[in-house]
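J.: Sharing a structure with you now.
The values are calculated or read from the model by the stated rules, or taken from the named source; none is laboratory data. None of these values were measured; they are calculated from a predicted model. Every residue, glycine as well, gets a Cβ built from its backbone with ideal geometry; the counts of neighbours run over all protein chains shown.
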Amino acid sequence: MSAPTPFHWGLIALLFPLVAAALIGLVAPLRRAGMPAALVSIAAALTSLLASAVLLAGQIDDPSRAVVEVVGWLPVAGSTMAEVGLRLDGISLSMLLIVTVVATCVQVFSLGYMADEPPSAFGRYYGFHSLFIFSMNLLVLAPNLLQAFAGWELVGLTSYLLIGFYYRKPSAAKAAVKAFWVTKFGDMGLLLALVFLFAQTGAFSWDVTLSGGWAVVITALVFFAVVGKSAQFPLHVWLPNAMEGPTPVSALLHAATMVAAGVFLVVRLDPLFVQAPETQMAMAWIGAFTALFAAVIAVVQKDIKRVLAYSTCSQLGYMICALGAGSVMAAYFHLTTHAFFKALLFLGAGSVIHAVHSNNLADMGGLWRKMRLTAVTFIIGALALAGVPGLAGFFSKDLVLEAVHERGLWLPWLALLAAAFLTAFYMGRVVFLAFFGTPSKAAEHAHESGPTMALPLVVLAVGSVGAGYFGSSFAELYGASYSFHMGLSGIVATSLGLAGLGLAWLVYGRRSLPESSFAFLAPIGKLAESALLDRMYTFMFRRVLLVLAGLIGWLDRYVVDGLINVIGWAAIEGGRRLRRVQTGNVQDYTYAVVVGTILFVIWGLWP
Amino acid sequence: MIGILSTLVAAPFLAAVVLLLVPDRARLLVRLISLTGAGVALALSVRVAADYDLDAGGFQMPELYPLVPAMGIDLRLAVDGWGVSLLLLTGVIIFAGVLASWTVKERSKDFFILLLVLVAGVCGVFVCQDLFVFFLFYEIAVLPMYLLIGIWGSSQGVTEAGPFRYVWKLFDIGGREYAAMKLTLMLLVGSAVLLVGILAMYFAAGGTTFDMEVLGATAYPRDMQLWVFPLLWLGFGSLAGVFPFHTWSPDGHASAPTAVSMLHAGVLMKLGAFGVMRVGMMMVPEGAVYWAPLVGGVAVVNIVYGALSAMSQRDLKYIIAYSSVSHMGIVMLGAATLTVNGWNGAVYQMFAHGIMTGLFFALVGIIYERAHTRFIPSMGGFAKVMPGVAVFFTLAGLSSLGMPGTAGFVAELMVFLGAWESASPWWTIPAILGAFLTAIYVLRAVRGIFWGPGPDPAFEDLADARGTEWGALVVLGAALVLFGCWPGLIVDFIDRVTPGYLGVLTQGVVP
């Protein structure tokens, strides 16, 4: 037997999670047993991780290598119009590694976090997880936009299933469908983009050159879907609600991987996006606005997961803005580092929630002494996110800012800087509120989580520290160049970040500044509470769409169908009337015969 | 020597005849004979697919038995790629349908006899090459519905409130007799219109033969094509649920027993669309091209209007019925595009929607049988007591909203691509919007029925699917996924003949 080729490894990385999902889904005893299903799922994730590590190692040796293997999938007029397969190159393999590393960490973490679930629910949870990893890999390794769309929709499905994991809880059920509808709304754009792309080029290929306005139209449609999936303003509304899912799910799907799929998609379609400067401009502005907007809201959140959710929106805004500035490298680098520290933060939050049984920051406090490991790793993640020099977020955020600066996008640049300050502030706030200060009642009985939950935290913390130092290797994989240097953006952003942390310390750590001195932020808090946008969507849905549907339904039953019924009634009634002609009286018939004969005679004699 | 196609058509019919000889009381025997008839139909349809020579294409396995030579009526059978895929659909649906109606108690023998006769008619339509016999089979497929709904249907409609309650009572709207009568009358009016069109073609072509090949090759005068096509479109279209002649569908499908809804929405509505394409568009091409903008426009109305109507319903069966109206709109849209992708998509959507809606109605039947209600607001939390049903319902829902990995996605994608290539590209946009609206009403239904706290104490001991019901669900669910992941299995057959048909169609038309 010959040595496995990259293609084989790619198949292993793609299909093992699918096999695990199928086993857990189809073999009911396995699923109901719980723990064995979890082990199957984790084994598949590990295998996938191993395969992607092997692949990436090979890729680093030969960065320009691109393995593409496809088979025909759909015929038209005797030839193949769509293919499925694998594309293994620098872009897909680095994303594949991120997905599998974070997924494996999250799955191991879930062993402890979800341990209280009944076995069948536990098995179901892992089945969905495996399905998610498969879908994400399907998207990442896609050789064309069509397969990527399939993966894109399937991750949306698994997101729906996992947010709705506690399906008996009405708020979770609501959040799940909301997430699906909002992202599906965006996905209409991607579907339309697929149709247009096929009409223009006769294929769904990644590298396309289009003439005229089509590049702008198609990229704008793709971006519309990205806005939905990557939770950008104004379609970000589903992400905070998505926190109804179990916390490890938030870490994997709604922080590290699925929501970043939008960024990945744009990176993949970069050859098309560079032909559409108009779309790029829109991306820069929307990304920067989201980064600032979500950071502001994050400051006033009371729920630790919601802080992190808005922070995710904000950081995704950075990436989108970088893409708008035309820097694939910056966006992708930030995606990578963000995946590590945001997954770490979510898992850390999960560890805390597991200990105090509450999401509310007010129920925490003083956990530093009770949960040393969680605290240390969480703080590493928070510092990385805040952009403290030396940690991963510092390098990538710096690169994003520099790219935006270079492109001369002044206002977006300023927005991102302001967001950097706020980011440091709200993360400092969370750290001081959760881990320091006086413990609340719930926090008094907290204790450190078990080893299955500790180990992933450590792994991700290492990533959050180290990932920043691999900038040049990443750059090589994407075919870009990177060397670290501290420019204007870097200096300003870092000082702002440190200032934000300092302010947070003054307010929430030393408490030398009362929280009430931020009363001027209250209107923002109000705005966040009122969720204006959410209400507008709810209004559109309930008062416009459902009313319209009700109207159409009424119209159908009473007018369209009513006409049919009237015709039927008219036939019956007409028959009833005509029946009267048959009186059964011989005299009547005689009259009729006589009158008829006379009429015929007149008719015959008429000149 | 009797050919495979006539055996296929005769098998369900023979099973029905055998059933006549079996006593009513031997329930198991009745069921087994029906299952055998259905199984043979399924096996033979698979065999036809295997025997069909993909390289050769065209019509294959021809058979000819003269019936009325004086009028040129013969029993001509042959099958093409479209026929192969639709035969497979019929085989799968009837097999699952018999399994799903395993527990019919009331006069089960008569029920199965009618069901099998109906299926024989359906198979006949898909392989028939003589227009007269085509029409005959078509009627055989439609008429048993009257008895099936009228006798075995359910009368429990959703009680209507509001100013029109009196009218509803007056007409017995929602009752099974009303539904059966309405469905049959509307379809018969359609058939009458259709017959005019068919006879017009027969006489215009010389009045010597009903051979569809000859009738199709005849170049009718343009004026005639322009008035014949609407007759064929509306005649067949009434069965395909074309707006505004779709209103029999919600009442009919809601009142019909499980297997009948499965067959009717799953296969019979496809007869209508198949007829529009095979007889309408292919035989009077100039008419088809002339009227295509209207056909497609109405199809788009079907898609959006059906989806919105479905959204406003609270009765589970009405939701599924309106969703059929919406999805048949996608079939008709594909047909109206007159492009290879559109036609492939239309035929594949017939297949995909057939399986999907069959699965839906099988599940609704299971839920209704246990809970004795179809009113969604009274449900909730059913996933706890019937997890299997919840899983399959979600699967069917995903196919209907076009989730990749299910057959529905492939079909919709092809239709969307075709629509954009067609003469009226704007169709694509409302069609895609329709898919989004589907996501709304389907997931609302899933949430309303299966998610949330509960179930109500009254529903606490509802049983999950059991025995043969699993058979039906698994067959249909597996087909959805298999043909969604590997669409070539079916699309290869369809695509083998579509370009040729379209070539002929567009050739015959002088622009």
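J.: Quick one: A:Leu162 ticks every box in (1) more than 14 Å from chain B (Cβ to nearest Cβ); (2) part of a helix (DSSP H, G or I) bar one, so which box is it?
T.: (1)
J.: Considering only segment A:536-553, state which residues are under 29 Å from the mean Cα position of the chain (by Cα) and either surrounded by fewer than 16 Cβ atoms within 10 Å (Cβ to Cβ) or within 9 Å of another protein chain (Cβ to nearest Cβ) (or both).
T.: If we filter segment A:536-553 for residues that are under 29 Å from the mean Cα position of the chain (by Cα), which is where we start, we get A:536-546, A:549.
Selection gives A:Met536, A:Thr538, A:Phe539, A:Met540, A:Phe541, A:Arg542, A:Arg543, A:Val544, A:Leu545, A:Leu546, A:Ala549.
J.: Further question on the same structure: Name the residue that is surrounded by the fewest Cβ atoms within 10 Å (Cβ to Cβ), counting only residues in segment B:453-483 that are within 30 Å of B:Val301 (Cα to Cα) and within 12 Å of another protein chain (Cβ to nearest Cβ). Spell out the reasoning first.
T.: Of segment B:453-483, the ones within 30 Å of B:Val301 (Cα to Cα) are B:476-477, B:479-481, B:483.
From the residues that got through so far, the ones that are within 12 Å of another protein chain (Cβ to nearest Cβ) too are B:477, B:481, B:483.
Values: B:Gly477: 22, B:Val481: 15, B:Phe483: 27.
Going through the qualifying residues, I end up with B:Val481.
J.: Could I ask something else about it? So for segment B:285-293 (the condition being within 20 Å of B:Ala419 (Cβ to Cβ), modelled with pLDDT of 90 or more, within 11 Å of the chain's Cα centre (by Cα) and more than 14 Å from chain A (Cβ to nearest Cβ)), does at least one residue qualify?
T.: no
J.: Oh, and also: Restricting to segment A:470-517, count the residues that are in contact with a Ser or Thr (Cβ under 6 Å, 6 or more places away or on another chain), in a loop (DSSP other than H, G, I, E, B) and aliphatic (A, V, I, L, M). Lay out the reasoning, then the answer.
T.: Going residue by residue through segment A:470-517, those that are in contact with a Ser or Thr (Cβ under 6 Å, 6 or more places away or on another chain) are A:475, A:477, A:482, A:506.
Next cut, in a loop (DSSP other than H, G, I, E, B) only: A:482.
Checking the rest, the ones that are also aliphatic (A, V, I, L, M) come to none.
Number satisfying all stated conditions: 0.
J.: Still on this structure, I have one more. Please go through (1) within 10 Å of chain B (Cβ to nearest Cβ); (2) in a helix (DSSP H, G or I); (3) of a type outside the set (Gly, Ala, Ser) for A:Arg168 and return the number of the only condition it doesn't satisfy.
T.: A:Arg168 satisfies all of (1) within 10 Å of chain B (Cβ to nearest Cβ); (2) in a helix (DSSP H, G or I); (3) of a type outside the set (Gly, Ala, Ser) except (2).
J.: I'd like the residue in segment A:193-213 that is assigned to a helix (DSSP H, G or I) and over 21 Å from A:Ile286 (Cα atoms) and, out of all such residues, is farthest from the other protein chains (Cβ to nearest Cβ).
T.: Of everything passing the filter in segment A:193-213, A:Thr201 is farthest from the other protein chains (Cβ to nearest Cβ).
J.: Related question: Give all pairs with beta carbons closer than 7 Å in which a residue from segment B:88-104 that is within 14 Å of B:Leu359 (Cβ to Cβ) meets a residue that is in a helix (DSSP H, G or I) and among the polar types (S, T, N, Q); count only pairs at least 6 apart in sequence or on separate chains.
T.: Matching pairs, first to second residue: B:Leu99/B:Thr468; B:Ala100/B:Thr258.
J.: Only one of (1) crowded, with 24+ Cβ neighbours inside 10 Å; (2) among the charged types (D, E, K, R); (3) within 11 Å of chain B (Cβ to nearest Cβ) fails for A:Lys229. Which number is that?
T.: Against the list (1) crowded, with 24+ Cβ neighbours inside 10 Å; (2) among the charged types (D, E, K, R); (3) within 11 Å of chain B (Cβ to nearest Cβ), A:Lys229 comes up short only on (3).
J.: In segment B:421-431, what residues are surrounded by 24 or more Cβ atoms within 10 Å (Cβ to Cβ) and either within 8 Å of chain A (Cβ to nearest Cβ) or more than 23 Å from A:Val76 (Cα to Cα) (or both)? Write out each step before concluding.
T.: So in segment B:421-431, the residues surrounded by 24 or more Cβ atoms within 10 Å (Cβ to Cβ) come out as B:427-428, B:431.
Passing the criteria: only B:Thr428.
J.: Could you look through segment B:305-315, keep only residues that are within 19 Å of the chain's Cα centre (by Cα) and of a type in the set (A, V, I, L, M), and pick out the one that is surrounded by the most Cβ atoms within 10 Å (Cβ to Cβ)?
T.: Among them, the one singled out is B:Ala310.
J.: I've got another one for you. Please go through segment A:554-591 and give me each residue that is more than 14 Å from chain B (Cβ to nearest Cβ) and surrounded by 12 or more Cβ atoms within 10 Å (Cβ to Cβ), ordered by number.
T.: To start, the set of residues in segment A:554-591 that are more than 14 Å from chain B (Cβ to nearest Cβ) comprises A:574, A:576-591.
Within segment A:554-591, A:Asp588, A:Tyr589 qualify.
J.: Report, ordered by the first and then the second residue, all pairs with beta carbons closer than 7 Å, sequence separation of six or more or different chains, a first member in segment A:350-362 that is over 19 Å from A:Leu111 (Cα atoms) and touching a residue at least 12 places away in the same chain (Cβ under 8 Å), and a second member that is assigned to a helix (DSSP H, G or I) and not small (Gly, Ala, Ser).
T.: A:Asn359/A:Ile304; A:Asn359/A:Lys305; A:Asn359/A:Ile353; A:Leu361/A:Ile304; A:Leu361/A:Val430; A:Leu361/A:Leu433
J.: Oh, and also: For segment B:365-400, which residues satisfy the criterion of being at positive phi and within 13 Å of chain A (Cβ to nearest Cβ)?
T.: The initial filter retains those residues of segment B:365-400 that are at positive phi, namely B:372, B:380-381.
Once the filter is applied, which keeps residues that are at positive phi and within 13 Å of chain A (Cβ to nearest Cβ), segment B:365-400 yields B:Gly380, B:Gly381.
J.: Would you point out the residue of segment A:237-283, among those that are assigned to a helix (DSSP H, G or I) and among the β-branched types (Val, Ile, Thr), that is farthest from A:Gly324 (Cα to Cα)?
T.: Pass one, segment A:237-283, residues assigned to a helix (DSSP H, G or I): A:238-244, A:247-256, A:258-268, A:270-273, A:277-283.
Still in the running and among the β-branched types (Val, Ile, Thr): A:247, A:249, A:259, A:263, A:266-267, A:279.
Numbers: A:Thr247: 31, A:Val249: 29, A:Val259: 17, A:Val263: 11, A:Val266: 10, A:Val267: 11, A:Thr279: 8 Å.
Going through the qualifying residues, I end up with A:Thr247.
J.: So which of B:Leu473, B:Leu482, B:Leu437 is outside any loop (DSSP other than H, G, I, E, B), within 24 Å of A:Val84 (Cβ to Cβ) and within 23 Å of the chain's Cα centre (by Cα)? Let's see the steps before the verdict.
T.: Numbers: B:Leu473 fails: within 24 Å of A:Val84 (Cβ to Cβ); B:Leu437 fails: within 24 Å of A:Val84 (Cβ to Cβ).
Only one candidate qualifies: B:Leu482.
J.: So A:Trp152 ticks every box in (1) surrounded by 23 or more Cβ atoms within 10 Å (Cβ to Cβ); (2) facing chain B (nearest Cβ under 9 Å); (3) over 21 Å from A:Ser52 (Cα atoms) but one. Which box is left unticked?
T.: Condition not satisfied by A:Trp152: (3).
J.: Can you name the residue in segment A:173-226 that is out of contact with any helix residue (DSSP H, G or I) (no Cβ under 7 Å at 6 or more places or on another chain) and farther than 24 Å from A:Val70 by Cβ and is also surrounded by the most Cβ atoms within 10 Å (Cβ to Cβ) among such residues? Steps first, please.
T.: Applying the first criterion (out of contact with any helix residue (DSSP H, G or I) (no Cβ under 7 Å at 6 or more places or on another chain)) to segment A:173-226 yields A:174, A:201-203, A:205, A:209, A:211-213.
Adding the requirement that they be farther than 24 Å from A:Val70 by Cβ leaves A:174, A:211-213.
Values: A:Lys174: 17, A:Ser211: 8, A:Gly212: 9, A:Gly213: 11.
So, considering only residues that are out of contact with any helix residue (DSSP H, G or I) (no Cβ under 7 Å at 6 or more places or on another chain) and farther than 24 Å from A:Val70 by Cβ, the one surrounded by the most Cβ atoms within 10 Å (Cβ to Cβ) is A:Lys174.
J.: Shifting gears a bit: Can you name the number of the only condition in (1) at the interface with chain B (Cβ under 10 Å from one of its Cβ atoms); (2) in contact (Cβ under 8 Å) with a residue 12 or more places away in the chain; (3) not polar (S, T, N, Q) that A:Ala173 fails?
T.: (2) is the only condition that A:Ala173 fails.
J.: Has segment B:417-430 got any residue that is part of a helix (DSSP H, G or I), within 20 Å of B:Gly488 (Cα to Cα) and in contact (Cβ under 8 Å) with a residue 40 or more places away in the chain? Even if it seems obvious, please write down each step before you answer.
T.: First pass over segment B:417-430, keeping only residues part of a helix (DSSP H, G or I): B:417-421, B:425-430.
Subset that is within 20 Å of B:Gly488 (Cα to Cα): B:417-418.
With in contact (Cβ under 8 Å) with a residue 40 or more places away in the chain added as a condition, the list becomes B:417-418.
Yes, that holds for at least one residue.
J.: I would also like to ask the following. Taking the options A:Ala298, A:Ala309, name whichever one is out of contact with any strand residue (DSSP E or B) (no Cβ under 8 Å at 6 or more places or on another chain), in a helix (DSSP H, G or I) and at pLDDT below 90.
T.: Values: A:Ala309 fails: at pLDDT below 90.
Just one listed residue meets the conditions, A:Ala298.
J.: Further question on the same structure: Considering only residues that are polar (S, T, N, Q) and more than 18 Å from B:Ser399 (Cα to Cα), look in segment B:316-347 and name the one that is surrounded by the fewest Cβ atoms within 10 Å (Cβ to Cβ).
T.: Among residues in segment B:316-347 that are polar (S, T, N, Q) and more than 18 Å from B:Ser399 (Cα to Cα), the one surrounded by the fewest Cβ atoms within 10 Å (Cβ to Cβ) is B:Thr339.
J.: Here are some conditions: (1) touching a Phe, Trp or Tyr at 6+ places or on another chain (Cβ under 7 Å); (2) surrounded by 22 or more Cβ atoms within 10 Å (Cβ to Cβ); (3) closer than 21 Å to B:Ala411 by Cβ. B:Phe450 meets all but one. Which one does it not meet?
T.: The failed condition is (3).
J.: Here is a further query. Checking A:Lys184 against (1) more than 8 Å from chain B (Cβ to nearest Cβ); (2) assigned to a helix (DSSP H, G or I), which test does it fail?
T.: That leaves (1) as the condition not met.
J.: With at pLDDT below 85 and over 20 Å from B:Leu75 (Cα atoms) as the only criterion, which of B:Phe111, B:Phe171 stands out? Lay out the reasoning, then the answer.
T.: On the way: B:Phe111 fails: at pLDDT below 85.
Within the list B:Phe111, B:Phe171, the selection yields B:Phe171.
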